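Participant: Got a structure here, written out as structure tokens. Questions coming.
Read-outs: derived from the displayed coordinates by stated rules, not from any lab. Remember, it's a predicted structure, so these values are computed and weren't measured experimentally. Positions of Cβ are backbone-derived with ideal geometry, glycine not excepted, and every protein chain shown enters the neighbour counts.
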């Protein structure tokens, strides 16, 4: 399946939830080479990001990303992605071969209104759903805000680090996340977010990765 080379330039919208997660529950989903960053005793930051990339993007697709924690390696910091789902075979191929991300195919259903909802399924199995609306305190940015994030991944025995540059108009959201027990990431016990935001007029550039290390213990870790 042909796919674009990095960087990938994408545009659309997204909903993001942020959670305090137990380090003990995140640990099995993160390779032992990484130190999990605690923001509170026994807790790390994680979250769920669901986006829709529309016309004008290098590929048009929907995406679900699950982050079980923030990590560090050799003085570098970033997010670890344990689960990632898209509805584009080209995105699966490119994500796996360029960034080493464990992309899988899934189906996405969006409903927009006063209380919007996105549902993500894989065949007859529900992965998660988020319903969301404007927060009671209508915090938002009326201009596009820039943000740069870094993420880690692995490709064969290489430890990779890659940068993502965002621009968006951000709105605080009231969100409810549902993760059924059959979901592959139910073990994280995500619960309800302490923070949620909706990004519109989203622009994103995902850069090519750089090799920052090696996995010494091949075969001892697999994505959950």
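Participant: I want to check the label-to-label distance for residue 195 and residue 144. Put each point 7 Å from Cα in the C-beta direction and report it in nm to one decimal.
Facilitator: 2.3
Participant: Could you work out which residue, out of 39, 18, 120, moves most in a Gaussian network model of the chain, that is, has the largest mean-square fluctuation with Cα springs under 10 Å?
Facilitator: Of 39, 18, 120, the most mobile in the Gaussian network model is 39.
Participant: Please list the three semi-axes, largest first and in whole Å, of the ellipsoid equivalent to the range 8-214, using sqrt of 5 times the eigenvalues of its alpha carbon gyration tensor.
Facilitator: Taking √(5λ) for each Cα gyration eigenvalue gives 24, 20, 18 Å.
Participant: Multiplying the sequence separation of residue 9 and residue 155 by 0.36 nm and subtracting their Cα-Cα distance, what value in nm do you get?
Facilitator: Computed gain between residue 9 and residue 155 is 50.4 nm.
Participant: Using a Gaussian network model of the chain with C-alpha springs under 10 Å, which one of 68, 184, 41 is most mobile by mean-square fluctuation?
Facilitator: 41
Participant: With runs of 4+ DSSP H residues as the only contributors, calculate the mean residue ellipticity of the chain at 222 nm using -39,500 (n - 2.57) per run, divided by the residue total and rounded to the nearest 500.
Facilitator: -1500 deg cm²/dmol
Participant: So which residue, out of 182, 33, 93, gets the largest mean-square fluctuation from a GNM of the chain using Cα contacts under 10 Å as springs?
Facilitator: Highest fluctuation among the options: 182.
Participant: Please compute the modelled spin-label separation between residue 107 and residue 182, points set 7 Å along Cα→Cβ, answer in nm with one decimal.
Facilitator: Modelled inter-label distance: 1.2 nm.
Participant: Subtract the Cα-Cα distance of residue 214 and residue 134 from 0.36 nm times their separation in residues, and report this length gain in nm to one decimal.
Facilitator: Result: 24.4 nm gained on full extension.
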